[in-house]
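K.L.:
Below you will find the structure I want to go over with you.
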Amino acid sequence: MTHQFVSIKGLELVAKVRAFCMELPEAEEKVDGFGHITFRVKDKPFVMMGETDGQPSTAIKTNLTTQEFLLQQEDTPYHKTAYIGQHGWVSITDKVPWTEIEDLIMEGYARTAPKKLLNQLQATRK
């Protein structure tokens with residue numbers, strides 16, 4: 001996976017994910033050592049994105065229960081992320097509805113961010 005997004009689909013997805021993630025307290029965007037675009041909090045990733053052969057890929061940190069639920073759906077658009085899937089990461093294709101992606105990003109952020117930032121986020125969402 002490389003961060004060189006060339007497809008319109010990939011560029012649009014990155015823009016959408018970036019706009020959503022950057023609204024979260026202390027979220028940062030960084031390119032990691034593998035060339036993936038990552039969204040992090042306190043330097044811990046909760047979303048990683050890349051593109052291979054014009055196919056964008058998004059990996060989101062979830063817990064193992066969520067991951068198992070997503071993977072067991074019939075004709076699931078989810079799969080266990082290579083190398084880090086055992087830690088609950090799921091990868092998605094572009095067939096996942098945006099509202100579902102938002103929910104998963106929020107879960108990933110909540111699993112990664114310190115309690116202080118989660119309290120700050122809850123206070124702003126009331």
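The values are calculated or read from the model by the stated rules, or taken from the named source; none is laboratory data. Bear in mind the structure is a predicted one, so any value in this text is a computation, not a measurement. Using ideal geometry, Cβ is built from the backbone for each residue, glycine included, and neighbour counts are taken over all protein chains shown. Only protein heavy atoms, including side chains, enter the accessible area calculation; ligands, DNA and RNA are left aside. Shrake-Rupley method; radii C 1.70, N 1.55, O 1.52, S 1.80 Å.
K.L.:
What are the chymotrypsin sites (Phe, Trp or Tyr not before Pro) within region 59-101 that DSSP puts in a loop, where the Cβ has at most 11 other Cβ atoms within 10 Å? Spell out each step's value before the answer.
P.N.:
Working: sites: PHE69, TYR78, TYR83, TRP89, TRP98; in loops: TYR83.
Hits after loop and neighbour filter: TYR83.
K.L.:
Within the accessible area of the chain, what % is carbon and sulfur when the probe is 1.4 Å and the other protein chains stay in place?
P.N.:
In the chain, the share of accessible area belonging to carbon and sulfur is 54 percent.
K.L.:
Here is a follow-up. May I ask you to give the solvent-accessible area per residue for the chain, in square angstrom, as obtained with a 1.4 angstrom probe?
P.N.:
58
K.L.:
Okay, moving on. Spin-label point model (7 Å from Cα, Cβ direction): what's the GLN120 to LYS16 distance in nm?
P.N.:
It works out to 2.8 nm between the two label points.
K.L.:
How would region 55-94 be classified by its alpha-carbon gyration tensor: rounded, prolate or oblate, with rounded meaning a/c under 1.5 and the a/b versus b/c comparison settling the rest?
P.N.:
oblate
K.L.:
Sort out the exposed loop GluC sites (Glu not before Pro) in the chain (DSSP loop, at most 10 other Cβ within 10 Å) and tell me the longest stretch that has none.
P.N.:
75-126
K.L.:
Moving on to the next point. Between GLN4 and MET106, what is the label-to-label distance in nm when each label sits 7 Å out along the Cα-to-Cβ direction?
P.N.:
3.7
K.L.:
Compute the relative contact order of the chain as a whole-number percentage, counting only Cα pairs closer than 8 Å that sit 6 or more residues apart in sequence.
P.N.:
Contact order relative to length: 23 percent.
K.L.:
Rg and Dmax in Å for region 1-94, alpha carbons only: what are they?
P.N.:
For region 1-94, the Cα radius of gyration and maximum Cα-Cα distance read 13.0, 36 Å.
K.L.:
Give me the net charge of LYS61's neighbourhood, meaning all other residues with Cβ under 12 Å from the Cβ of LYS61; Lys, Arg count +1, Asp, Glu -1.
P.N.:
Its environment carries a net charge of +2.
K.L.:
For the pair GLU28 and PHE69, what calculated FRET efficiency results from E = 1/(1 + (r/R0)^6), where r is the Cβ-Cβ distance and R0 = 25 Å, to the nearest 0.05?
P.N.:
Details: r = 29 Å, r/R0 = 1.16.
The formula returns an efficiency of 0.30 here.
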